[in-house]
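To start, the structure under review is shown below, and the notes come after it.
The values are calculated or read from the model by the stated rules, or taken from the named source; none is laboratory data. Since this is a predicted model, take the numbers as computed values, not measurements. Positions of Cβ are backbone-derived with ideal geometry, glycine not excepted, and every protein chain shown enters the neighbour counts. With ligands, DNA and RNA removed, areas are computed over all heavy atoms of the protein, side chains included. Shrake-Rupley method; radii C 1.70, N 1.55, O 1.52, S 1.80 Å.
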Amino acid sequence: MKNYFYKSTHTHIPMLLWFMLLMVIPACEKSTKADHEKQMDMWIDKLDRESRKMGIKRSVQTFDSLMATLEEVGLGDKMRYYKFMKVLAHRDSTLSEQALMYTDSLLQLFPTVQIREKYPIEYSKALLLKGDDFFKQKQYYQAYRNYYHGKSFLTGMGEICECARYSSRIANISFQEENYHQAIEYWKHELRELSHCTQSGNFQLEFIEMQGSLRNIGIAHLLRNEPDIALRYFREAKEFIDKHAAEFPREKNFIKFARIVILRNQAEAYALKGDTKMAEKLIARCLQHDPDIEWSYEVEQESRQILANIYIDTRQFTKAWEQLLILKKMAAASKNTAHVASYQKMQANILFGQGKFEEAGKLLISSLEADRIEKLRKNAANKSDVGQLLQQIQLERERELAAEKDARESLLLKSAILLLIALSIIAYLIWRNARKSMINLKAVTALNKVITQSNIVLQDTVNALEQAEIENEHVLKIVAHDLRNPLAAIISASHMLFWDETPSEEQGELISGIQLSAGKANTLISQILESTSDRERIVKNDVSLQEIVQSCIDMLSHKASEKQQKLQYRYESVTVPVDREKIWRVFCNLLSNAIKFSQPGGSIRINLQRQSDTVLLSVEDNGIGIPENLKDQIFLPLNNAKRSGTAGEQSYGIGLSICKQIVESHGGRIWFESVRDAGTTFFVELPV
């Protein structure tokens, strides 16, 4: 079989594009760093398509000249340069030494692990090319070792798509060694790996390799005398081409060529099945030589050879002889002697069918001798057993991994011992510190208990002092207000004493002294009345209300614990402009009252809820409740609502009046709902 069935290639574009390239090259100026990579890709694409028409050596010289126009050549540019020069040199047998040098130069671009991991695909391609070089030099072990390491590296980096190149390479080698079963398995590996490809527009991987693998599997089954299976894979390859051809409009010539090749393969399969009519029908579609399609001439040769064999099998010797004459002319024109032996066999079969046994025998003996020589040549080529070599390399790799694993386990064991010692020391230190902390915690708990109790007593004292101050101010206002009227009467009377007559000098001085003293007294009273309003002034700041409530709970939780009471706090985060100290006093007073008037073992629920324009705090207890006769006095400055708590706690009966003043000074409101012997709920609503 021809190698073009199993290798990937590109077709040429019309000469017009090459003339355009020749016009562009003299006009090239120094490329900028921003666009020279794109420019370089364009050069490679055009030279790749036109290299066979213009000549490989000229293409190499042209690419070197174009590279000289680049202002700065980076690592990626060097990778593309060496890879493409390797491709060009590989196409000309006289440049084999240069091709090896390009591969070595490419590999030298990856001296460190960091660079290899940064450019995993480029590094794997370099290993692939080096493996190809070893294979050409018949260093099979080194070749497969490069293939294996390259594929292992890609797998470790998660680049499954690129592994397809290695599977394809091993499959092709197995096919050439007539190990068709192994070739099929590796082409199936390639198909699975190609399914992981996500790079859009990669014609090589997404189209050529995919349809080529399907077709190659079919050819391998054909050579295993399994035409029905072969036809199934040929059909899948054709369906793939039909589905994806529109995605690559620039590659229409290659796609046309791929369709013709599949037709030829299908014809061979039908001929093997004995369906000569279908085979002949398909072959007729392959005999149209298209000069724009590279290798269509060779497809025509293969197709005519199949057609001639069909005519021989169906005893149409005249038609077979016509096809043989055409094949001989084509071979002579192309100076290709590779098919001479097969042509001799065909001619011998035709002569034998025509009864010319002597001539047929001579040709048959000659063709058998040619086959024997070719077989000896192949045996001398030292064919490699791909499967055996890969198993050997894999075994060596497993040994290397086992040695690395042993080294890691030894290191882990040593690290585990050191870690165990360190953990033992840390555990001892933690235990010792925990012991000390427990002793300190008990002392701190006792101290906190004393401090909390003192804070509660102090808070009640402060509340009582504030109430006393308010009452004093209230009394002061009353006294001051009552003094204003007598003073006003004194001042009025002093003006009327001598309404009808002029006072003496001494009398005038007395009256002036009375008026002056009364005026000063009146001013002093006014100042006293004005100063009493200062205590109602507040200073607002944006504070988190849930934190103020939590602070009160933290302070009074110990008091609740003493009565085995549970404090349940539910809240929504909300920030409100308030006077932090005064609002804290309100919340603490409400919670303190709830604890004071709840039975031991009861529950107190505190709920802070954000509403549309307000925030609502509720403190609910299940205590003794408020009697009906005291409900109207709860918020009065002077009231008779003093009651002892459930544990005999003292109550002054004045805290709620202060709470009401503070809440209302913030523009809010406070109220309660209570059922005697069932509990009380206090509500505080503040504007947001």
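Quick check on segment 659-688: of everything there that is among the acidic types (Asp, Glu) and not in a loop (DSSP other than H, G, I, E, B), which residue is farthest from GLU581 (Cα to Cα)?
It comes out as GLU673.
Within segment 101-119, restricting attention to residues that are surrounded by 18 or more Cβ atoms within 10 Å (Cβ to Cβ) and part of a helix (DSSP H, G or I), which residue is nearest to the chain's Cα centre (by Cα)?
Here the residue is ARG116.
Condition first: part of a helix (DSSP H, G or I), open to solvent by less than 50 Å² (accessible area, probe 1.4 Å) and farther than 20 Å from ASN448 by Cα. Now tell me which residues in segment 536-584 satisfy that.
LEU545, GLN546, LYS582, ILE583
Scan segment 436-447 and report the pairs whose first residue is over 22 Å from LYS559 (Cα atoms) and open to solvent by 100 Å² or more (accessible area, probe 1.4 Å) and whose second residue is modelled with pLDDT under 80 and among the charged types (D, E, K, R), with Cβ atoms within less than 6 Å and a gap of 6+ or a chain change.
none
If ARG116 meets every condition in (1) closer than 21 Å to TYR147 by Cα; (2) in contact (Cβ under 8 Å) with a residue 40 or more places away in the chain apart from one, which number is that one?
Only one criterion is unmet by ARG116, namely (2).
If VAL73 meets every condition in (1) at pLDDT 85 or above; (2) surrounded by 13 or more Cβ atoms within 10 Å (Cβ to Cβ); (3) not in a helix (DSSP H, G or I) apart from one, which number is that one?
Unmet for VAL73, out of (1) at pLDDT 85 or above; (2) surrounded by 13 or more Cβ atoms within 10 Å (Cβ to Cβ); (3) not in a helix (DSSP H, G or I): (1).
What residue, of LEU524, LEU510, is at pLDDT 70 or above, out of contact with any Leu (no Cβ under 7 Å at 6 or more places or on another chain), of a type in the set (A, V, I, L, M) and surrounded by 11 or more Cβ atoms within 10 Å (Cβ to Cβ)?
It is LEU510.
Could you check TRP295 against (1) open to solvent by 20 Å² or more (accessible area, probe 1.4 Å); (2) among the aromatic types (Phe, Trp, Tyr); (3) at pLDDT 75 or above and say which number it fails?
Result: TRP295 passes all but (3).
Which ones in segment 46-70 are at pLDDT 75 or above and open to solvent by 50 Å² or more (accessible area, probe 1.4 Å)?
Result: LYS53, LYS57, ARG58, GLN61, ASP64, SER65, ALA68.
Just to be sure I understand the filter: pairs with C-beta atoms under 9 Å, separated by 6 or more residues or on different chains, first member in segment 588-609 and basic (Lys, Arg), second member assigned to a helix (DSSP H, G or I) and open to solvent by less than 30 Å² (accessible area, probe 1.4 Å). Which pairs pass?
Close Cβ pairs satisfying both conditions: LYS596/LYS559.
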